[in-house]
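Taking it in order: structure first as structure tokens, then the write-up.
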Amino acid sequence: MVYLFNENAGKERFSIKGEDFKYLIKVRRHNVGDELGFRSKEDIKTLHIYRLSEIEPRSAAFELISSKIFEVKAKQELHIGWCVIDNKSVEKVLPSLNELGVSKISFIYCERSQKNFKLDFKRYERIVEASNQQCGRTEIMEFDTYKNIESFVAAFGDVKVFDFCENILGESAAFGRVLIGCEGGFSPKEKEFLKNQEVFRLDTPMILRSETAAVAVASKILL
């Protein structure tokens with residue numbers, strides 16, 4: 001853990017109870033005198049360093065040592081337009097995408113997306129917050145939805161498309177927005193619609209799952 005979110009971060013003194021107490025004292029086994037970082041969601045750019053001053057049976061007290069602006073973020077932004085897949089598959093790779101620095105994910109209901117997949121943004125946000133605390137990132141990944149590929153491309157005409165094709169993404173490629181299909185890829189109708197966009201693939205003979213493609217493309221662009 002690099003830091004912990006707490007609504008009282010910034011105050012001269014505060015105490016923790018409940019799950020935070022269990023995590024820091026019972027799991028991480030912090031002792032009196034240890035210094036820990038805290039941030040508030042309202043002012044995430046500011047890192048507050050506290051000293052653990054007292055441990056009670058069910059609570060722990062902290063005293064502020066210092067506060068400073070300290071941002072941790074990717075060198076560039078990447079917005080992924082991701083055709084909707086199973087929530088469980090998204091949740092497995094969401095921490096990785098967050099650690100890589102993906103700035104935003106727009107979930108798109110394409111023709112081959114199963115319509116019974118319901119997006120759980122609240123859960124996604126909790127996963128991202130936990131990931132931020134582990135990797136140190138000081139930006140909150142954004143999420144939104146689009147009813148189809150046409151509406152997404154209408155909003156973002158500069159999007160590059162990941163698909164099976166002859167064009168291999170180069171080593172020095174750089175762009176800020178990519179569209180990734182769901183399991184089974186894009187339908188013939190969608191492929192026809194996307195023919196005027198720049199389409200690319202990665203230099204591998206293997207067929208990638210949708211979530212693998214998202215992580216691979218993000219790694220290629222952001223690292």
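The values are calculated or read from the model by the stated rules, or taken from the named source; none is laboratory data. For clarity, every value in this text was computed on a predicted model and none was experimentally measured. Methodologically, a virtual Cβ is constructed for each residue, glycine included, from the backbone with ideal geometry; neighbour enumeration extends over all protein chains shown.
This table checks each residue for (1) surrounded by fewer than 16 Cβ atoms within 10 Å (Cβ to Cβ); (2) in contact (Cβ under 8 Å) with a residue 24 or more places away in the chain; (3) in contact with a Gly (Cβ under 9 Å, 6 or more places away or on another chain).
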site	(1), (2), (3)
E56	yes, no, no
E71	yes, yes, no
K75	yes, yes, yes
V90	no, yes, no
L97	no, yes, no
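Is it true that some residue in segment 137-148 is without any contact (Cβ under 8 Å) to a residue 40 or more places away in the chain, farther than 30 Å from S40 by Cα and either surrounded by fewer than 16 Cβ atoms within 10 Å (Cβ to Cβ) or not charged (D, E, K, R) (or both)? Scanning segment 137-148 turns up at least one residue that is without any contact (Cβ under 8 Å) to a residue 40 or more places away in the chain, farther than 30 Å from S40 by Cα and either surrounded by fewer than 16 Cβ atoms within 10 Å (Cβ to Cβ) or not charged (D, E, K, R) (or both). Taking (1) aliphatic (A, V, I, L, M); (2) under 26 Å from A154 (Cβ atoms); (3) modelled with pLDDT of 95 or more in turn, V215 satisfies each apart from (2). Among the residues making up segment 71-88, a single one is touching a Lys or Arg at 6+ places or on another chain (Cβ under 8 Å) and modelled with pLDDT under 95: N87. I'd like to check something: does segment 100-111 contain any residue that is touching a Pro at 6+ places or on another chain (Cβ under 6 Å) and either at negative phi or at pLDDT 95 or above (or both)? For segment 100-111, residues touching a Pro at 6+ places or on another chain (Cβ under 6 Å) and either at negative phi or at pLDDT 95 or above (or both): absent.
Restricting attention to segment 1-22, the residues that are closer than 17 Å to E35 by Cβ, at pLDDT 95 or above, under 26 Å from the mean Cα position of the chain (by Cα) and of a type outside the set (F, W, Y) add up to 7.
Inside segment 58-69, can you point out the residues that are more than 16 Å from F21 (Cβ to Cβ) and surrounded by 14 or more Cβ atoms within 10 Å (Cβ to Cβ)? Scanning segment 58-69 gives L64, S67.
Let's see how each residue does on (1) surrounded by fewer than 19 Cβ atoms within 10 Å (Cβ to Cβ); (2) of a type outside the set (V, I, T); (3) in contact (Cβ under 8 Å) with a residue 40 or more places away in the chain; (4) under 17 Å from T212 (Cβ atoms):
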residue: G101; (1), (2), (3), (4): no, yes, yes, no
residue: I108; (1), (2), (3), (4): no, no, yes, no
residue: D120; (1), (2), (3), (4): yes, yes, no, no
residue: R123; (1), (2), (3), (4): yes, yes, no, no
residue: R126; (1), (2), (3), (4): yes, yes, no, no
residue: A130; (1), (2), (3), (4): yes, yes, no, no
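Give all pairs with beta carbons closer than 6 Å in which a residue from segment 159-179 that is polar (S, T, N, Q) meets a residue that is surrounded by 12 or more Cβ atoms within 10 Å (Cβ to Cβ) and at pLDDT 95 or above; count only pairs at least 6 apart in sequence or on separate chains. From residues that are polar (S, T, N, Q), the pairs are N167/F200.
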